[in-house]
1. Using a 10 Å cut-off on Cβ atoms, rank the peptides 24-36, 85-97 from the highest mean neighbour count down.
2. Once phi is turned into ³J(HN,Hα) by the Karplus curve 6.51 cos²θ - 1.76 cosθ + 1.60 with θ = phi - 60°, what whole-Hz value does each residue of the stretch 91-99 show in order, with x for glycine and proline?
3. Which whole-Hz ³J(HN,Hα) couplings does the stretch 78-88 yield from phi under the Karplus relation 6.51 cos²θ - 1.76 cosθ + 1.60, θ = phi - 60°, glycine and proline marked x?
4. Explain nothing, just compute: Karplus ³J(HN,Hα) = 6.51 cos²θ - 1.76 cosθ + 1.60, θ = phi - 60°, for every residue of the stretch 19-30 in order, whole Hz, x for Gly and Pro.
Amino acid sequence: MLNKVIVQGRLCKDPEAKQTTGGVSVSRFELAVERDRKDKDGKKKTDFFPVVCYYGTADLVNKYCSKGDMVNVSGLLQTRRWDGNDGKKNSITEIIAKEVYFLTKKKDGNQNQETDNSGFIPVDDDTDLPF
């Protein structure tokens with residue numbers, strides 16, 4: 001059997017950082033993913049997917065991602081079911097992220113220069129080198 005999903009989109013809001021009682025880092029966020037096709041009015045529709053990350057992936061997402069950032073997420077789909085306090089049965093289908101690739105360049109707060117996800121700072125010539 002195969003359960004794999006790959007989506008690319010933008011974070012709808014800053015990730016929600018939590019920790020389990022066992023000390024495992026958790027990050028939750030919603031990803032806005034634009035559909036490939038346009039509707040009859042010529043507009044693209046957007047789907048919103050809940051994403052959950054654990055362990056080191058959660059730590060990195062919590063540290064480096066924020067609302068509006070573009071990410072690529074690969075993982076699996078999981079449905080959880082529970083009984084609510086009102087007696088109703090509830091369920092949610094989430095993407096459990098195994099890999100998250102950051103696609104938005106960030107500004108480095110100390111040097112005001114763009115960095116890529118590897119942490120390298122692009123330099124124009126030898127005069128920008130720190131040594």
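We did not get these values from a lab; they are worked out from the coordinates using the rules stated. Being a predicted model, the structure only gives us computed values, none of them experimental. Cβ atoms come from the backbone with ideal geometry, glycine included; neighbour counts cover every protein chain shown.
1. Numbers: 24-36: 16.0, 85-97: 11.2.
Listed from highest to lowest mean packing, they are 24-36, 85-97.
2. Those phi angles translate into 8, 8, 9, 10, 8, 8, 6, 9, 9 Hz.
3. Working through the residues one at a time gives 9, 10, 10, 10, 7, 8, x, 4, 8, x, 7 Hz.
4. In residue order, the calculated couplings are 9, 6, 4, x, x, 7, 6, 10, 10, 10, 7, 10 Hz.
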